[in-house]
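S.K.: Here it is: the structure, laid out below.
The values are calculated or read from the model by the stated rules, or taken from the named source; none is laboratory data. Computed from a predicted structure; not experimentally measured. Cβ placement follows ideal geometry from the backbone for every residue including glycine, while neighbour counts extend to all protein chains displayed.
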Amino acid sequence: GSGDVRFRVLGDTALESDGASATIGSERQRRLLATLAMGVPDTVPTDRLIDAVWGDAQPDNAVNALRTVVTRLRHSLDDLEAETGRRVVSRPPGYVLDVPADAVDANRFADLALAGRRRLAEGDLEGARRTQTEALRVWRGPAYAEVADDPCAQPEATLLERLWIAARE
């Protein structure tokens, strides 16, 4: 079902459905998806999305250009999913990726890594080891690598990387 669809932003930006993964359309679509995924469950403002997708090379009438990329991303997601549903939703002042937080692998990783850290603090060494091992299985590469050059993405990527280093220890 649609609950099985997961968004991958650790390593390359991709969609996972029923165990198979598929890379999303163009680089712009992947940058858009990564930025929306970072915002889940919140709406990401239009100007923030434009910055993430184009950086300094913004097109004339960037709002219309963004709308085009959103439409193409929706088509890409529909092509990759058996059950189509509008996941990229227009919501003032921008767009939201309308999925549960744990449908994004970075969130699942962070939850597991933090749970492992709590278990360690509580003295549950076996539970901590199990949880951290599970967290490390989710990690496929640097967080939000697709938008590594976007200044707004860097704090989030750095935080996740610190959690990853701690989990390995």
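S.K.: Within the range 16-32, does at least one residue satisfy the condition of being buried (at least 19 other Cβ atoms within 10 Å of the Cβ), part of a helix (DSSP H, G or I) and among the basic types (Lys, Arg)?
M.R.: Initially, the range 16-32 is screened for residues buried (at least 19 other Cβ atoms within 10 Å of the Cβ), giving 24, 29-32.
Narrowing the set further to residues that are part of a helix (DSSP H, G or I) leaves 29-32.
The next check asks that each one be among the basic types (Lys, Arg); those that pass are 30-31.
For the range 16-32, residues buried (at least 19 other Cβ atoms within 10 Å of the Cβ), part of a helix (DSSP H, G or I) and among the basic types (Lys, Arg): present.
S.K.: Shifting gears a bit: Kindly establish whether Arg8 is crowded, with 16+ Cβ neighbours inside 10 Å and out of contact with any Pro (no Cβ under 6 Å at 6 or more places or on another chain).
M.R.: In short, yes.
S.K.: Let me ask you something else. With Ala106, Ala82, Ala110 as the choices, which residue is more than 11 Å from Phe7 (Cα to Cα), at pLDDT 95 or above and among the hydrophobic types (A, V, I, L, M, F, W, C)? First the steps, then the outcome.
M.R.: Values: Ala106 fails: more than 11 Å from Phe7 (Cα to Cα); Ala82 fails: at pLDDT 95 or above.
Just one listed residue meets the conditions, Ala110.
S.K.: Restricting to the range 84-101, and then to whatever is touching a strand residue (DSSP E or B) at 6+ places or on another chain (Cβ under 9 Å) and among the charged types (D, E, K, R), can you tell me which residue is surrounded by the most Cβ atoms within 10 Å (Cβ to Cβ)?
M.R.: Here the answer is Arg87.
S.K.: Please work out if Ala148 is surrounded by 12 or more Cβ atoms within 10 Å (Cβ to Cβ) and either touching a residue at least 40 places away in the same chain (Cβ under 8 Å) or in contact with a Ser or Thr (Cβ under 7 Å, 6 or more places away or on another chain) (or both).
M.R.: Numbers: surrounded by 12 or more Cβ atoms within 10 Å (Cβ to Cβ): yes; either touching a residue at least 40 places away in the same chain (Cβ under 8 Å) or in contact with a Ser or Thr (Cβ under 7 Å, 6 or more places away or on another chain) (or both): no.
Here the answer is no, as Ala148 does not meet what is asked.
S.K.: Something else: Could you list, in sequence order, the residues of the range 42-83 that are in contact with a Leu (Cβ under 8 Å, 6 or more places away or on another chain) and not in a helix (DSSP H, G or I)?
M.R.: As a first pass, look at the range 42-83 and keep what is in contact with a Leu (Cβ under 8 Å, 6 or more places away or on another chain): 44, 46, 49-50, 52-53, 66, 69-70, 73, 77, 80-81.
Once the filter is applied, which keeps residues that are in contact with a Leu (Cβ under 8 Å, 6 or more places away or on another chain) and not in a helix (DSSP H, G or I), the range 42-83 yields Val44, Glu81.
S.K.: How many of the residues making up the range 33-65 are in contact (Cβ under 8 Å) with a residue 60 or more places away in the chain and over 12 Å from the mean Cα position of the chain (by Cα)?
M.R.: Of the range 33-65, the ones in contact (Cβ under 8 Å) with a residue 60 or more places away in the chain are 33-38, 40-41, 48, 51-52, 55.
From what's left, over 12 Å from the mean Cα position of the chain (by Cα): 48, 51-52, 55.
So the answer is 4.
S.K.: Could you list all residues from the range 53-67 that are under 13 Å from Tyr95 (Cα atoms) and of a type outside the set (D, E, K, R)? Break it down stepwise before answering.
M.R.: Looking only at the range 53-67, we keep the residues that are under 13 Å from Tyr95 (Cα atoms), and these are 63, 66-67.
Across the range 53-67, the qualifying residues are Val63, Leu66.
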